[in-house]
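Structure, as structure tokens:
The values are calculated or read from the model by the stated rules, or taken from the named source; none is laboratory data. Everything numeric here is computed off the predicted structure, so don't read it as measured data. Note: ideal-geometry Cβ built from the backbone for every residue, glycine included; neighbour counts use all protein chains shown. The protein model used for the area step is the full one, side chains on, heavy atoms only, and it has no ligands, DNA or RNA in it. Shrake-Rupley method; radii C 1.70, N 1.55, O 1.52, S 1.80 Å.
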Amino acid sequence: MKLFIDSADPKEIARLAETGLVDGVTTNPTLAAKNGQDYVETLEEICRTIKGAVSAEVLATETAGMISEGRRFARIAKNIAIKVPMTWDGMKACRALRSEGLMVNVTLCFSAVQAMVAAKAGATFISPFIGRLDDAGQDGLTLIREIRAIYDNFDFKTEILAASIRSVPHVRDSAIAGADVATIPPDIFQKMISHPLTDKGLAAFLADAKKAGVRIRDE
Ligand code: G3P
């Protein structure tokens with residue numbers, strides 16, 4: 001499974017990328033607003049660190065505007081994926097941008113049929129928002145399973161990008177359900193690596209080694 005960071009904070013992204021585990025990044029207007037810096041400059045900075053797909057979301061709501069914003073983003077770097085919303089205009093923009101050889105991430109997906117339509121429009125990624133579905137009293141992971149089944153039935157190549165992740169179990173369950181990618185907020189990415197029993201076990205190993213004077217000698 002590919003691990004993306006869901007953030008528009010270039011410094012935080014660079015820090016997490018030091019692990020060598022970051023396969024890409026997703027941003028959106030809310031995350032860009034939180035960062036406060038110019039959106040294009042932010043994306044340029046992120047693309048200097050991250051070589052995998054970096055999603056940049058359009059603000060236009062009509063096809064022509066989405067296409068021109070998408071082309072603007074695409075000039076930033078080769079690894080930009082243009083994020084368009086799951087709307088009528090978004091589908092037309094998706095097809096047009098894909099025909100120019102650009103990557104497209106279709107965002108704000110809340111149903112399996114929407115995901116099927118996005119795949120037919122040639123989307124590179126589909127972003128089902130699992131946390132927001134859970135918040136609305138539905139089951140986000142069921143949506144991932146449904147999309148996986150449909151994509152496998154028809155051999156659609158669109159990658160399922162589990163978005164709106166709220167917890168470490170969300171990452172685990174998305175992987176089990178067959179998502180190709182999870183886009184993960186920085187705090188959850190951090191938590192994925194730690195476990196209290198790992199810390200406790202390590203402290204015990206080091207204490208035992210110290211007590212007995214165990215050393216690793218240089219040759
Ligand atoms: O980037 C899209 C998505 O991950 C947003 O998540 O937490 O705002 O529902 P959230």
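For this structure, a couple of remarks:
- Residue count for the range 17-27, restricted to those that are within 20 Å of Thr107 (Cα to Cα) and either surrounded by fewer than 19 Cβ atoms within 10 Å (Cβ to Cβ) or of a type in the set (D, E, K, R) (or both): 1
- The C-beta contact set for the range 43-64 (first residue closer than 30 Å to Glu18 by Cβ, second residue of a type in the set (Lys, Arg), distance under 6 angstrom, 6+ apart or interchain) comprises Ser55/Lys83; Glu57/Lys83.
- Residue list for the range 177-219, restricted to those being more than 26 Å from the chain's Cα centre (by Cα) and of a type in the set (Ser, Thr, Tyr): Thr198
- The one condition from (1) within 20 Å of Ala121 (Cα to Cα); (2) out of contact with any strand residue (DSSP E or B) (no Cβ under 8 Å at 6 or more places or on another chain) that Lys83 does not meet is (2).
- On the stretch given as the range 35-52, residues that are within 16 Å of the ligand (Cβ to nearest atom) and either touching an Asp or Glu at 6+ places or on another chain (Cβ under 8 Å) or in a helix (DSSP H, G or I) (or both) total 6.
- The residues listed here are Ala32, Ala14, Ala56; of these, the one that is part of a helix (DSSP H, G or I), surrounded by 14 or more Cβ atoms within 10 Å (Cβ to Cβ), of a type in the set (Gly, Ala, Ser) and within 16 Å of the ligand (Cβ to nearest atom) is Ala32.
- Given (1) surrounded by fewer than 20 Cβ atoms within 10 Å (Cβ to Cβ); (2) in contact (Cβ under 8 Å) with a residue 24 or more places away in the chain, number of the condition Asp38 does not satisfy: (2)
- Counted residues, the range 59-73 - those being within 16 Å of the ligand (Cβ to nearest atom) and open to solvent by less than 10 Å² (accessible area, probe 1.4 Å): 0
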